1. Only one residue in ASP295, ASP251 is under 30 Å from SER107 (Cβ atoms), of a type in the set (Asp, Glu), in contact (Cβ under 8 Å) with a residue 24 or more places away in the chain and surrounded by 15 or more Cβ atoms within 10 Å (Cβ to Cβ), so which one is that?
2. Taking GLU264 as the residue in question, decide whether it is at pLDDT 90 or above and either touching a Lys or Arg at 6+ places or on another chain (Cβ under 7 Å) or part of a helix (DSSP H, G or I) (or both).
3. Could you count how many residues in segment 14-35 are not in a loop (DSSP other than H, G, I, E, B) and not small (Gly, Ala, Ser)?
4. Given the criteria part of a helix (DSSP H, G or I), out of contact with any Gly (no Cβ under 8 Å at 6 or more places or on another chain) and either at pLDDT 95 or above or not hydrophobic (A, V, I, L, M, F, W, C) (or both), does ASP151 qualify?
5. Among the residues of segment 267-278, is any in a loop (DSSP other than H, G, I, E, B), of a type outside the set (S, T, N, Q) and within 30 Å of SER196 (Cβ to Cβ)?
6. Could you please give the count of residues in segment 220-236 that are crowded, with 19+ Cβ neighbours inside 10 Å and over 18 Å from VAL329 (Cα atoms)?
7. Show the residue pairs that are 6+ apart or on different chains and have beta-carbon atoms under 6 Å apart, the first residue being within segment 202-224 and free of Cβ contacts under 8 Å to residues at least 40 places away in the same chain and under 17 Å from LEU307 (Cα atoms), the second being in a strand (DSSP E or B) and aromatic (Phe, Trp, Tyr).
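The values are calculated or read from the model by the stated rules, or taken from the named source; none is laboratory data. Please read all numbers here as calculations on a predicted model, not as lab measurements. Ideal geometry is used to build each Cβ from the backbone, glycine not excepted, and the neighbour counts take in all protein chains shown.
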Amino acid sequence: MDALLYKCPSCGAELKFNPQTQGYKCDYCLLEYSQEELDSKFAQQEERALNESAQNEHIEDVFNADENTAAEQALLYNCPNCGAQIVTDQTTAATFCYYCHSPVILSGRLDGADTPDYVIPFEIDRNTAQQIFSAWITKKKYVPKDFYSNDQIDKLSGVYFPYILYNCRIHACIDATAQKNSVRRIGNTEYTDIDSYHIKKEGDMDLNNIARNALKKANKVLVEGVLPYDFAKAVQFKMSYLSGFMAERKDMQVSDFEKNIEAEVHSYAMQKLDDYTAGYSDINIFKKEAAIIQDSWKYALMPVWTLTYNDRKNNKIYYFSINGQKGNVIGKLPVDSKKLMIHFLLIAAFCMVIFLLFSYFIL
């Protein structure tokens, strides 16, 4: 499997995807290239990398899992820039060289059946992500200082996470009778008006881009918590979008999701049918059905800025994520017990002073 690096045609430094311009920028000579320019310049390089990856070149096992365990296999790659060896696990699709810090794409990880159908490119760059994080964290009073220190903020990582997408068309129908009652008063007499209705609805419903995390080791709450994304901006997958970011490939299949998602979709359709009888009384349902008549599964990489904080004192790991397209934020924060205690003592002291003053002047 070959490691792929996009280099600036002008100076030879690495090119990285620029979320602000949706193009590719060289941080050395500051030249920028569009997607079309990059495609024309690197088409042969990408094809050669895929061909070499198919021949399993540059792969060496450095960890053999026991037959009865699900331990991951570590793999070695050669950095195409400095030649250093890069150690990855089985799901890593894009990373950085630990020595020269060049962005490296492991092309063979995303070819054949593992090729994503779509990618949603990053629209939020690192600086903006750091600003979002800082604005969010300043609203939290009892967070340890080292959680939002500059060193910690610099650890924000841009990662393309794999998602399975489900699209379907549902045919649904309902046939029911129901009533609506209204009360009116004329003089001292009260009248109840009963209106009877025959409710009959039938049609198709399209549900698109139902996304599920497709990486076993990912924190499901955070990876799915940053949803939704604007899929109108999804584009056909190209490896170049990964340059300058990390990426993971899926290690879960359609069969892992099929039963649950289809049950969720069916339940949703039945709930929508219930909307037609909402507000009625004495409902008699003769027919209420929903069936999936057409469906498809897709595979997409979507952008997430993520941060991990290791609370060694309490032996806990905290996660924080930002939607790399829209800026949605989700995270669970550590609590500084000292800050919390000081705040409690200040409140207690204030209450004590008020009580003493009240006792002195009133009692």
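1. After ruling out the rest, the residue left standing is ASP251.
2. Judged against the criteria, GLU264 is a match.
3. Residues meeting the conditions: 11.
4. Yes; evaluated as a whole, the condition is true for this residue.
5. yes
6. Number satisfying all stated conditions: 1.
7. From residues that are free of Cβ contacts under 8 Å to residues at least 40 places away in the same chain and under 17 Å from LEU307 (Cα atoms), there are no pairs.
So that you can scan it fast, the table gives a plain yes or no per residue for (1) of a type in the set (Ser, Thr, Tyr); (2) without any contact (Cβ under 8 Å) to a residue 12 or more places away in the chain; (3) in contact with a Phe, Trp or Tyr (Cβ under 7 Å, 6 or more places away or on another chain):
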position: TYR241; (1), (2), (3): yes, no, yes
position: ASP274; (1), (2), (3): no, yes, no
position: THR277; (1), (2), (3): yes, no, no
position: PHE286; (1), (2), (3): no, no, no
position: ALA291; (1), (2), (3): no, no, no
position: TYR299; (1), (2), (3): yes, no, no
